[in-house]
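Following: one structure in structure tokens, then a few remarks.
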Amino acid sequence: MTGRLAILALLLFAALFGAALWYFQTRAFYQRLDPGALTILLTPLAGGPPEAIPARDIEAIDAPTSPLKFRACFRSPTPLATLSETYAPTAAPTPLVAPGWFDCFDAAEIADDLAAGRAVAFLGEARIATDARRVVAIYPDGRAFAWHELTEAE
């Protein structure tokens, strides 16, 4: 009988631990950002500090526990051709998966569209945090997405 109780206690612990782990990875710490407080910046081709671009319908999340938890969805009224002539593209962008409840951001779709040339990725800010940069992907129809990704340590 003690063996069954030990197994039952172990299974109960594993289930509770699994539920807590899921909660802390997908729900805890994330905060919706105030759209009015977020400015989308892109780095100019000519160099210099990043410049603000017009953005509307912003939805964004972040967490103080990691710079990689930032995700944003918005619309850019500036034509993609104008952005491409003015701002620096970024090499090998890799959108990171967002929590399932933040449904405007689909990392797999964005990655596929970037690879197929249906969207263009720009360098937002090279050093948004230590060893992290902000990448902004923009579609010809104005849909746009931003995320942070790791950079090589300097």
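The values are calculated or read from the model by the stated rules, or taken from the named source; none is laboratory data. Fair warning: this is a prediction, and the values are worked out from it, not measured in the lab. Positions of Cβ are backbone-derived with ideal geometry, glycine not excepted, and every protein chain shown enters the neighbour counts.
Please find, among PRO99, PRO64, PRO93, the residue that is touching a residue at least 40 places away in the same chain (Cβ under 8 Å), farther than 19 Å from ALA144 by Cβ and within 15 Å of the chain's Cα centre (by Cα). Can you show your working first?
Numbers: PRO64 fails: touching a residue at least 40 places away in the same chain (Cβ under 8 Å); PRO93 fails: farther than 19 Å from ALA144 by Cβ.
None of the other options fit; the residue is PRO99.
When you scan the range 72-90, do you find a residue that is surrounded by 11 or more Cβ atoms within 10 Å (Cβ to Cβ), within 14 Å of the chain's Cα centre (by Cα), in a loop (DSSP other than H, G, I, E, B) and in the same structural domain as ARG134 (by TED's automatic domain parsing), even just one?
No.
Within the bounds of the range 105-117, is there any residue that is surrounded by 15 or more Cβ atoms within 10 Å (Cβ to Cβ), touching an Asp or Glu at 6+ places or on another chain (Cβ under 7 Å) and assigned by TED's automatic domain parsing to the domain that holds PRO77? Before you say what the answer is, go through the steps one by one.
Kept after step one, since they are surrounded by 15 or more Cβ atoms within 10 Å (Cβ to Cβ), are these residues of the range 105-117: 105-107, 110-111, 113-114.
Subsequent filtering for residues that are touching an Asp or Glu at 6+ places or on another chain (Cβ under 7 Å) retains none.
No, the conditions are met nowhere in the range 105-117.
For the range 1-36, which residues satisfy the criterion of being exposed (fewer than 11 other Cβ atoms within 10 Å of the Cβ), in contact with a strand residue (DSSP E or B) (Cβ under 9 Å, 6 or more places away or on another chain) and not basic (Lys, Arg)?
Within the range 1-36, ASP34, GLY36 meet the criteria.
Applying the selection to the range 23-67, what residues are under 12 Å from PRO99 (Cα atoms) and either in contact with a Pro (Cβ under 6 Å, 6 or more places away or on another chain) or assigned to a helix (DSSP H, G or I) (or both)?
TYR23, PHE24, GLN25, THR26
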